[in-house]
Number of protein chains: 2
Amino acid sequence: MKERLQKAFARTGLRQTPQRHDVLAWLVRHKRHSTAEEIFEAVNRSNQRLSRATVYNALHALVESGLVRPVAVEGAASRFDATLDRHHHFICDRCGAIEDLAWFGLPVKAMQAAAGGRAVRDVEITLHGTCERCARGKTKPPPKTE
Amino acid sequence: MKERLQKAFARTGLRQTPQRHDVLAWLVRHKRHSTAEEIFEAVNRSNQRLSRATVYNALHALVESGLVRPVAVEGAASRFDATLDRHHHFICDRCGAIEDLAWFGLPVKAMQAAAGGRAVRDVEITLHGTCERCARGKTKPPPKTE
DNA sequence: CCACACTCTTAGACTAAATCTAAAGTTGGA
DNA sequence: TCCAACTTTAGATTTAGTCTAAGAGTGTGG
Ligand SMILES: [Mn+2]
Ligand SMILES: [Mn+2]
Ligand SMILES: [Zn+2]
Ligand SMILES: [Zn+2]
């Protein structure tokens with residue numbers, strides 16, 4: 001594990017610091033699209049001195065270097081993902097869960113045509129709907145009348 | 001214009017109020033993916049009494065009813081879009097501009113396979129990269145050393 | 001080994017985004 | 001007309017994220 005991260009840092013040229021390591025390690029270990037706050041709370045438990053600003057700094061640096069990918073969520077805190085294998089996301093309307101979907105290819109030709117003269121760095125695909133748990137009524141209808 | 005909105009409200013069954021009308025009208029007139037705050041400032045100019053909470057309420061109701069679609073932006077305020085014809089989005093890494101892209105179809109089969117048992121309501125596709133203005137160096141490199 | 005520039009971390013203040021609250025206003029139907 | 005449900009309002013509150021200024025760590029050249 002330690003070595004895997006070592007290599008990741010080396011590969012991207014991003015300077016490794018204990019804080020950045022811990023943030024990345026948390027994301028790699030807990031593949032669940034955590035928010036900056038969640039990461040702060042977790043990592044701060046083992047390192048009392050670690051500050052919120054450092055978590056944001058580290059996340060920015062990691063995103064910048066490509067080791068982490070941000071997942072924007074409408075009206076809520078951004079989430080972060082250290083799973084490098086390419087994949088898509090599914091967000092449940094009801095419970096907000098973010099689930100990984102297997103990668104599927106895109107109509108590259110049509111896409112480039114639509115993009116016109118723009119330089120495309122990345123394509124983000126998010127499906128929205130109802131997750132299986134919610135479909136089975138396993139989740140309380142969102143914090144309402146509850 | 002007035003009638004178009006009338007019909008839109010009627011069609012979706014969403015109760016029309018002057019405030020909701022004004023919010024929707026602004027979005028229809030200014031096709032530029034405004035934030036709640038921008039809408040508030042604009043609409044509040046002509047109706048002093050309109051409050052921020054109402055803008056958020058109205059936007060939620062409109063999104064709920066399908067007349068408006070939200071556009072999540074990583075690390076920034078959500079934006080809203082009343083252009084109903086389906087289309088995709090392009091977000092510029094450098095200047096943050098959100099541009100509309102012509103619609104292009106998706107590999108439905110592969111997508112459903114990836115979604116498995118989940119009920120998909122909507123698919124959101126966002127391309128990221130550098131817009132044409134930025135590519136031509138027409139924009140100042142984002143608020144840095146500036 | 002030291003000096004110095006550079007990078008990074010820290011605590012906490014600050015700004016911005018969004019939600020909540022409780023009271024007042026509006027609406028449509030009985 | 002009356003009522004219950006719905007909507008709006010101002011402002012407080014919560015939450016997300018940025019900024020700042022001081023200090024700590026790192027690496028290179030002397
Ligand atoms: Mn993921
Ligand atoms: Mn659009
Ligand atoms: Zn769900
Ligand atoms: Zn741009």
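The fraction of accessible area contributed by carbon and sulfur in the protein assembly as shown is 49 percent, rounded to a whole number (1.4 Å probe; ligands and nucleic acids excluded).
Considering only alpha-carbon pairs that sit under 8 angstrom and 6 or more positions apart, the relative contact order computed for region B:40-82 is 22 percent. For the protein assembly as shown, the fraction of C-alpha pairs more than 27 angstrom apart is 51%. When the residues B:SER78, A:SER34 are ordered by accessible surface, computed with a 1.4 Å probe over the protein chains alone, the sequence from largest down reads B:SER78, A:SER34. Placing a label point 7 Å from the Cα of B:ALA135 along the Cα-to-Cβ direction, the distances to the matching points in the other copies come to 4.0 nm, shortest first. Look at the alpha carbon pairs under 8 Å that are at least 6 residues apart: their mean separation over the length of region A:2-81 gives a relative contact order of 33 percent. Candidates B:ALA77, B:LEU67, B:ALA25 compared by Cα position along the dipole of region B:25-89: farthest toward the positive end lies B:ALA25, with charges placed on Cβ. Across the copies of the chain, A:ALA76 has label points (7 Å from Cα along Cα→Cβ) spaced 2.2 nm apart, shortest distance listed first.
In terms of Cα atoms, the Rg and Dmax of region A:1-144 work out to 17.4, 51 Å. Taking every Cα-Cα distance in region B:35-120 and sorting them into 5 Å bins from zero, the calculated P(r) comes out as 3, 11, 16, 17, 19, 16, 9, 4, 3, 2, 0 percent. GNM on chain A, C-alpha springs below 10 Å: top fluctuator among A:GLU124, A:GLU41, A:GLU99? Result: A:GLU124 has the largest fluctuation of those listed. Per-residue accessible area (protein heavy atoms, 1.4 Å probe) orders B:ARG79, B:ARG32 as B:ARG32, B:ARG79, starting from the largest. Across the identical copies, the label point of A:GLU37 (7 Å from Cα in the Cβ direction) is separated from its matches by 1.9 nm, in order from shortest. When only Cα pairs below 8 angstrom with a gap of at least 6 residues are kept, chain B shows a relative contact order of 19 percent.
Out of the DSSP beta bridges found with both residues in chain A, what percent are antiparallel (nearest 5)?
Just about 70 percent of them are antiparallel.
Rounded to whole Å, the principal axis extents of the Cα atoms in region B:2-81 read 35, 27, 20, largest first.
Determine the alpha carbon to alpha carbon distance for each of A:LYS31/B:LYS109; A:LYS7/A:LYS31; A:LYS2/B:LYS109; A:LYS2/A:LYS109 and list only those over 31 Å. It would help to have the intermediate numbers written out before the result.
Numbers: A:LYS31/B:LYS109 27 Å; A:LYS7/A:LYS31 19 Å; A:LYS2/B:LYS109 40 Å; A:LYS2/A:LYS109 41 Å.
From the list (A:LYS31/B:LYS109; A:LYS7/A:LYS31; A:LYS2/B:LYS109; A:LYS2/A:LYS109), the Cα-Cα distance tops 31 Å for A:LYS2/B:LYS109; A:LYS2/A:LYS109.
Result for chain A in a Gaussian network model with C-alpha springs under 10 Å: among A:PRO107, A:PRO18, A:PRO70, the largest mean-square fluctuation is at A:PRO107. Using the 1.4 Å probe convention, the accessible area of chain B works out to 59 Å² per residue with neighbouring protein chains retained.
Scanning chain A for the beta carbon that comes closest to the axis linking it by rotation to B yields A:ALA72, 2, distance in whole angstrom.
The values are calculated or read from the model by the stated rules, or taken from the named source; none is laboratory data. Predicted model, so just to flag it, every value in this text is computed and none were measured. Methodologically, a virtual Cβ is constructed for each residue, glycine included, from the backbone with ideal geometry; neighbour enumeration extends over all protein chains shown. To get the accessible areas, we keep the full protein, side chains included, count just its heavy atoms, and leave off ligands, DNA and RNA. Shrake-Rupley method; radii C 1.70, N 1.55, O 1.52, S 1.80 Å.
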